[in-house]
Amino acid sequence: MNKPIPNSQLDAAAPVAIELRNINKRFGPVHANKDIDLVVRKGSIHGIIGENGAGKSTLMSILYGFYHADEGDILIDGQKVSIADSKAAISLGIGMVHQHFMLVDNFSVLENVVLGAEESARLAGGLDRARTELKRLEDEYELRVDPDALIQDLPVGLQQRVEILKALFRGADVLILDEPTGVLTPAEADHLFKILNVLKEEGKTVLLITHKLREIMAVTDTVSVMRRGEMVATKHTADTNMSELAELMVGRNVLLNVDKQPARPREKVLVVEGLNVTDSRGVRVVKDVSFDVKAGEIVGIAGVSGNGQTELMETIAGIRRATSGTLQIDGERIDLAKAAPSPAEMRDKNLAHVPEDRHRMGLVTSFAEYENAILGYHNAPEYSKGWLLDIAAIKQTAQAEIEKYDIRPPDPLLKTANFSGGNQQKIVLAREMERDPTVLLVGQPTRGVDIGAIEFIHKRLIEMRDAGKGILLVSVELDEIRSLADRILVMFDGNVVGERSPDADESELGLLMAGVDGDVT
Amino acid sequence: MFDTFILILDSTVRLSTPLLLACLAGLYSERAGVVDIGLEGKMLGAAFGAGAVGYLTGNAWAGLLAGIAVSIGLALIHGFASITNRGNQIVSGVAINFLAAGLTALLGQTWFRQGGRTPPLPEGGRFENIELPFAEAMRDVPLIGQIYSELLSGHNILVYIAFAAVPITWWVLFRTRFGLRLRAVGENPAAVDTAGISVIWLRYRAVIVCGMLCGVAGSYLSIAQSSGFITNMTAGKGFIALAALIFAKWQPLNAMLACLLFGFLDAVAIRLQGQELPGIGEVPVQFFQALPYILTVILLAGFIGKAIPPKAAGVPYTKERT
């Protein structure tokens, strides 16, 4: 399956379909696309790979006219164009299959295909001609789907086909697919790749956006790698390999030195057995995961983001429901499918959780710091006077945590949104760590945090470990995992594909993260 | 007995008309994803505009145009708040209701000095009833003749417009490009946006159509059904229309049936005022007046199955950051 598709059109003489020059896009303080240059040749399948949040979707949305670049030029067939909206992109022959399908659920396939491309104000005759044209496209590209079926009755694989047909119906020459296999079963994904090859043979240009290395190797001719908003490399797929791409994607960081003694693990404090989780779209995101965490050790979960780590953490924390599996904590065995505890009940079992996304799940940013300092623990007797909150006690706690964690500015009354990212993270960490948990779940503890704060956070985590807590750490920063964890579990596609010691070779871990040479496949 | 029944049905048609127009108005707006709780206010504003201009010009059509203009103006305020500025649609709708209730009373008193009413309309300022051909000749034919001459004939033009609007609305929604896009934008505006169609302009057009129909509904009250504007003359009809819309599951034909039902209840209530019912005695008027509301509550509480609103209704459209 690693065999790249032979392609004679890849020589530099092949005409350029799309060229991006110096594209920049900012969302407030976030620089989502930084000086992006990209050349895509006609009749090729060009992959763009990068982690979640690397800026791939933003870049494609700019090309499709959904967003406007702050700076930069777009050239189609060598002509400089301005893409004001999606309508302009469509008329330039660009079609896009979005990650979340842009379909109207209670419309038929035919209605969805013609929406926006109707012939005239009256539908009648145009619909019949559209039906004929749709039939022709279905035959030409082997994309069979019942034109009268309602979208809501179709499986996701077929919904995606409708999206592709929609683009072809509008005469797209360039087809952008944003994370197309995220919702597909492996068989559906294989079929999609066949379709992409048919499209290529018909002379269409395909841009495939993904964070999955396998797909890049399986189907693309050329590949560009994005990391943190920057385009870091463009290569012929045949000239590269998965581990090189993985390295480019994640990026080599300076290994932060963490001063620590060898762990002295004791009894098991968290045991997960046979955990399976299905997300809201019915895709299995955690598959038969079993592991344990002992008191006095840090277990790190490594992996390219989007391989089930988030769902695993959320399920253990009681936020997400499992389809099967058990959890043993605090000496109690819980069936996560039948009697799933709520996040509050998990907290009562001495499990603390530092969520990956502090803005969405860790904080209420419009609350004052002292209010966030007890969020989730607000029912605890020490913060209550009868059925009223004991504001004085809460502020005292907040003040103590501010001092201990050096949270700046040291003002418990300040709105949390006004703290910097690193200090917000410290507020969450302080809240969860200071409740003396038995088990601590930590997701991306240093995402968006400056170097000084990173060091502090790492030190606190080691202190917690040495105080006999069991810590489960999820991070996309491989170096962070390697420097903190005492054992590393690697997740790929919902499976734990291997366990390694933190001294393991980096390229070996990289391959595991890419789903190659796993213990389980 | 049969005569009485025909008479009740006849007034059912008259009483349903403003409900039906307002209900269809709401249908256009909500199908496009803009929840409109301000139907009441727009009707009231239109009733005042039509009453005032009808009185001043003595021309019913000028009154109607004024009513529609006032209503569209209010609709555009709603659109500006909820589409352009992505405000809360309920709050905006409530504001329009208050605005209309206050302004009509204030302007009515300032301009006409009759306690907020407009003076009775002069000759020609009111839509007169239309006798359909042969209505007089058919009157003596049993059953069919009575239905034709009493029930179908003898209404003003706005009644016929209201009922003609039902199939037209159905046709527009399900057989035209505008309708396809309108329904799509109420379900998944992102799909419309990515198909290269302006979500904002589409929703504005829906809101304007809503304003037009509300304008006709309000004008009907002041220059067709009655002769002049009275303070708060809509008396909750906009809300009943909204209930009928949910009851009708946002379908035009159902909307007509729902409005006829509510109109019928109203007609029965008027008919039974002060009459003794065998075995029960005199039923208080208030009971019949409350009946449409009670029925709405009961029906909406689960007798009609689940009413699934357009998926994007009430949600301002923002391009999402991915």
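The values are calculated or read from the model by the stated rules, or taken from the named source; none is laboratory data. In this text the structure is predicted, and so the values were computed from the model without any measurement. All Cβ positions, glycine included, derive from the backbone under ideal geometry; neighbour counts span all protein chains shown.
Condition check: surrounded by fewer than 16 Cβ atoms within 10 Å (Cβ to Cβ) and of a type in the set (Asp, Glu). Does B:Glu128 satisfy that? Against the criterion (surrounded by fewer than 16 Cβ atoms within 10 Å (Cβ to Cβ) and of a type in the set (Asp, Glu)), B:Glu128 qualifies.
Tallying residues that are over 30 Å from A:Asp128 (Cα atoms) and either outside any helix (DSSP H, G or I) or among the polar types (S, T, N, Q) (or both) within segment B:171-220 yields 1. Test A:Lys268 against the stated conditions and say whether it is over 20 Å from A:Glu480 (Cα atoms) and more than 25 Å from the chain's Cα centre (by Cα). So A:Lys268 passes the test. Hey, among the residues in segment A:201-217 that are charged (D, E, K, R) and assigned to a helix (DSSP H, G or I), which one's nearest to A:Val16 (Cα to Cα)? The qualifying residue nearest to A:Val16 (Cα to Cα) is A:Glu201. Out of A:Leu158, A:Leu137, one residue alone is modelled with pLDDT of 85 or more and either small (Gly, Ala, Ser) or farther than 26 Å from A:Gly282 by Cα (or both). It is A:Leu137.
Only one residue in B:Ile270, B:Ile298, B:Ile223, B:Ile294 is in contact with a Gly (Cβ under 8 Å, 6 or more places away or on another chain), farther than 18 Å from B:Glu40 by Cβ and assigned to a helix (DSSP H, G or I), so which one is that? Answer to the selection: B:Ile223. Checked against the criterion of being over 28 Å from the mean Cα position of the chain (by Cα) and not assigned by TED's automatic domain parsing to the domain that holds A:Thr210, segment A:98-105 contains not a single residue that satisfies it. Out of all the residues in segment A:238-253, is one or more among the β-branched types (Val, Ile, Thr) and assigned to a helix (DSSP H, G or I)? For segment A:238-253, residues among the β-branched types (Val, Ile, Thr) and assigned to a helix (DSSP H, G or I): present. A single entry from A:Ala373, A:Ala393, A:Ala344, A:Ala352 fulfils the requirement of being touching a Leu at 6+ places or on another chain (Cβ under 9 Å) and at pLDDT 90 or above: A:Ala352. For A:Val258, the conditions (1) among the aliphatic types (A, V, I, L, M); (2) within 17 Å of A:Lys469 (Cβ to Cβ); (3) without any contact (Cβ under 8 Å) to a residue 24 or more places away in the chain all hold with the exception of (3).
Those residues that are of a type in the set (D, E, K, R), modelled with pLDDT of 85 or more and surrounded by fewer than 18 Cβ atoms within 10 Å (Cβ to Cβ), I need them from segment B:240-285; list them, please. Don't jump to the end; show me each part of the working.
Restricting attention to segment B:240-285, the residues satisfying the condition of being of a type in the set (D, E, K, R) are B:249, B:266, B:271, B:276, B:282.
Pick out the ones that are also modelled with pLDDT of 85 or more and you get B:249, B:266.
B:Lys249, the sole residue that qualifies.
Considering (1) farther than 21 Å from A:Ile164 by Cα; (2) surrounded by fewer than 18 Cβ atoms within 10 Å (Cβ to Cβ), the lone condition that A:Asn276 does not fulfil carries the number (2).
Which ones in segment B:184-222 are in contact with a strand residue (DSSP E or B) (Cβ under 9 Å, 6 or more places away or on another chain) and away from every other protein chain (no Cβ under 14 Å)?
Selection gives B:Tyr220 alone.
Can you say whether A:Leu110 is among the hydrophobic types (A, V, I, L, M, F, W, C), in contact with a Ser or Thr (Cβ under 9 Å, 6 or more places away or on another chain) and either without any contact (Cβ under 8 Å) to a residue 40 or more places away in the chain or outside the structural domain of A:Val283 (by TED's automatic domain parsing) (or both), as far as the supplied structure shows? No; evaluated as a whole, the condition is false for this residue. Considering only residues in segment B:156-183 that are within 11 Å of chain A (Cβ to nearest Cβ) and of a type in the set (Val, Ile, Thr), the one that is nearest to the chain's Cα centre (by Cα) turns out to be B:Val172. Can you tell me which residues in segment B:228-239 are surrounded by 18 or more Cβ atoms within 10 Å (Cβ to Cβ) and among the polar types (S, T, N, Q)? Selection gives B:Thr234 alone.
If you go through segment A:394-434 and keep only what is surrounded by fewer than 16 Cβ atoms within 10 Å (Cβ to Cβ) and under 23 Å from A:Asn350 (Cβ atoms), you end up with A:Gln396, A:Ala400, A:Lys404. Identify, from the list A:Thr234, A:Thr181, the residue that is without any contact (Cβ under 8 Å) to a residue 40 or more places away in the chain and not in a helix (DSSP H, G or I). Just a single option satisfies the conditions, and that option is A:Thr181.
Every listed requirement among (1) assigned by TED's automatic domain parsing to the domain that holds A:Phe419; (2) within 25 Å of the chain's Cα centre (by Cα); (3) among the hydroxyl-bearing types (Ser, Thr, Tyr) is met by A:Ser384 save one, (2). Reported count of residues in segment A:350-370, each being of a type in the set (D, E, K, R), without any contact (Cβ under 8 Å) to a residue 60 or more places away in the chain and either within 24 Å of A:Ile391 (Cα to Cα) or surrounded by 18 or more Cβ atoms within 10 Å (Cβ to Cβ) (or both), is 1.
Out of the strands (runs of 3 or more DSSP E) lying entirely within segment A:385-503, which hold 1 or more residues that are of a type in the set (Gly, Ala, Ser)?
Filter on segment A:385-503 gives A:439-443, A:470-474, A:495-500.
To keep it simple, each residue is scored yes or no on (1) free of Cβ contacts under 8 Å to residues at least 40 places away in the same chain; (2) among the polar types (S, T, N, Q).
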position	(1), (2)
A:Ala189	yes, no
A:Leu192	yes, no
A:Glu201	yes, no
A:Val219	no, no
A:Thr222	no, yes
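Considering only residues of segment A:26-40 that are in contact with a Leu (Cβ under 7 Å, 6 or more places away or on another chain) and surrounded by 16 or more Cβ atoms within 10 Å (Cβ to Cβ), which is farthest from A:Met231 (Cα to Cα)? Among them, the one singled out is A:Val40.
Kindly indicate whether any position in segment A:276-285 is at pLDDT 90 or above and under 20 Å from A:Val174 (Cβ atoms). Checked against the condition, which is being at pLDDT 90 or above and under 20 Å from A:Val174 (Cβ atoms), segment A:276-285 yields no hits at all.
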